[in-house]
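To start, the structure under review is shown below, and the notes come after it.
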Amino acid sequence: MQEQGAGHSTNVSGAATVAQNSDGSTTTIDTDLSASQGPSEPEYRFRITANTLIRVNGQRASLSDLAGMQDKQATVHFVPERNGNFAKGIEVGP
């Protein structure tokens, strides 16, 4: 995945997921989430929940489908919150 904006570019690979437990608590699992960046570029981490819509080539996909898509360009729509950047949608492909 790649995030671009004014004056910076960050390459992100891997994923993180937040699971809702039956007792109401949450569990966060990082699956080799990493970012590479140039000098003074920000690092972004995203929390993926059961509500995150994942699409690959226009088709609905799951978090596990992203595991084999390293080095593919992706767009992450997210909401920055105090406890993390929550991914609302992830799009991979044309």
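Quick notes on this one:
- Amide N proximity, segment 64-88 versus SER25 label position 7 Å along Cα-to-Cβ, cut-off under 20 Å: 83-84
- Counting neighbouring beta carbons within 10 Å and listing from fewest to most, the residues GLU91, GLU43 come out as GLU43, GLU91.
- Given their separation in residues at 0.36 nm each and the Cα-Cα distance between them, LYS88 and GLN70 gain 4.5 nm when the chain is fully extended.
- Put simply, the amide H of THR49, placed in the peptide plane, has neighbours under 5 Å in VAL18, ALA87, leaving out anything fewer than 5 places away on its chain.
We did not get these values from a lab; they are worked out from the coordinates using the rules stated. All of these numbers come straight from a predicted model, not from anything done at the bench. Neighbour counts are summed over all protein chains in view; Cβ atoms, including those assigned to glycine, are modelled from backbone coordinates with ideal geometry.
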